[in-house]
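The values are calculated or read from the model by the stated rules, or taken from the named source; none is laboratory data. Predicted model only: the values in this text are computed from it and were never measured. Cβ atoms come from the backbone with ideal geometry, glycine included; neighbour counts cover every protein chain shown. In case anyone asks, the SASA skips ligands and DNA or RNA and just uses the protein heavy atoms, side chains included. Shrake-Rupley method; radii C 1.70, N 1.55, O 1.52, S 1.80 Å.
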Amino acid sequence: MSTGYVFHPEYLWHDTGTSAGLLPAHPTAGIQPAVHIENPEAKRRAHELIHASGLLAELVVIEPRRATVTELLRAHTGEHVQHIKAQSELRGGGDAGDGFSPVGHGSYDIARLAAGGLIELVTAVAQGDITNGYALTRPPGHHATADSGMGFCLFNSIAIAARHAQAELGLARIAVVDWDAHHGNGTQSIFYTDPTVLTISLHQAGCFPPDSGWTHENGAGDGLGYALNVPLPPGSGHAAYLHAMTEVVLPALDRFAPDLILLANGFDAGVFDPMARQMLTSASYREMTGLLVDAAGQLCHGRLVAAHEGGYSPFYTPYCVLAFLEELAGTTTHVIDPLATVVAGYAAEPITPQQQAVINEATQLVAGIRTAASPATR
Ligand code: 3YP
Ligand code: ZN
């Protein structure tokens, strides 16, 4: 049993510019240059905590490579790939499609290194070199659709890795769990009519994209039933997320019987995150991860591969990442979340009727997943 880890210093060179939080700086319109919220800091500190805690020494370090154009084209249109390449060649960079997704000079290659890192992890898991793994990548991917970047995302690394696993590694049924605070709309849209890829997104209702990720978005055509959403109200925390995991995610995975579980691993549902209003703590991430590790153990030889998505608190995200990765690797370090006592009160709320109602709606939809042949007979 071993855990793979992908990181590369180039991930920190993805340049989101002098944007003011979300918006490109525009001094004459009154938008003063500052830092973009998706800057390297939270991820750099997470990586360095993984190192400083001693956890890195227990992981199998896997070198990323750049995803090839052929690999990108499994999830994206040629026009989109060309657009990112062209924007990336501009000296000052550009945007991936929606005005919220800066493409720095050279970011085409960095985004390919992010997707390729996930491909390498999935490959190592499929070959049995490692049991599970985590790619601490930038830029993120889960909003990117087949033909556009969106919400800080250029290429959809999870979708690219899922298609690679199916095309090259003999893994037929892939489940994508997305617990980023925002809806995994890009991944959902790419697989919306595909019953071989189950997408499940837990997120803050209506946060981003606005008006996306409702329970009635349930897949279409052959894929009907294979997109699940749990749009939790703002303010949801430990109790609601754990409940959603045990009432929706785990039963859905059970019915689907995946060969591989991919995790869109956003930490922006954390209690100190500026980009959403959810209240998870490092203990929540540890517990949620434990549930997924157990499910992967029961359903698919432990095959669980996570890609980093959001998570924007430089001072808190790293402790959530560490808790996640310790649990993934089945170990602990000497580093105890130093904010645990501060957040203990925040996270102690019981589940509310509004949260329960959304979870109940999603629970009803689990029956729409047709159960695959049991793992033993496949
Ligand atoms: C993108 C533009 C406004 C909200 C923002 C969300 C980015 C994110 O963390 N997505 O998972
Ligand atoms: Zn997010």
Please sort 288-294, 306-312 by packing, taking for each peptide the average over its residues of neighbouring beta carbons within 10 angstrom, highest first. 306-312, 288-294
Quick one: which residues, 5+ away or cross-chain, put their amide H under 5 Å from the amide H of Ser212? H built at 1.01 Å from N. Gly206
Given charges at beta-carbon only (K, R positive; D, E negative), |dipole| of region 127-260 in Debye: 140
Quick one: net charge of Asp147's neighbours, Cβ under 12 Å, K/R +1, D/E -1? -2
Percentage of interatomic Cα-Cα distances in the chain larger than 34 Å: 19
Compute the label zone of Phe315 within region 331-352: residues whose backbone N is under 14 Å from the point 7 Å along Cα-to-Cβ. 338-343
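Once you list every other residue whose beta carbon is under 10 Å from the beta carbon of Leu198, what net charge do they have if Lys and Arg are +1 and Asp and Glu are -1?
Values: positive: Arg173, Arg255; negative: Asp194.
Local net charge: +1.
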When the Cα centres of region 210-263 and region 172-200 are compared, how far apart do they sit, in Å? 9
Sorted by accessible area (1.4 Å probe), largest first, how do Arg66, Arg173 line up? Arg66, Arg173
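With helices defined as uninterrupted DSSP H runs, which ones in the chain have an alpha carbon span along their own long axis of at least 24 Å and mean Kyte-Doolittle hydropathy of at least 0.5? Numbers along the way, then the final one.
On the way: long enough: 107-127 (30 Å, 0.91); 282-299 (25 Å, 0.19).
Length and hydropathy pass: 107-127.
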How would Phe272, Phe256 rank on accessible area, largest to smallest, probe 1.4 Å? Phe272, Phe256
Most packed first (mean Cβ within 10 Å per residue), the peptides 257-267, 183-193 order as 257-267, 183-193
Round to the nearest 10 and report in Å² the accessible area of Arg255, as given by a 1.4 Å probe over the protein chains' heavy atoms. 80
Centre separation in Å (Cα based) which lies between region 291-312 and region 314-354: 17
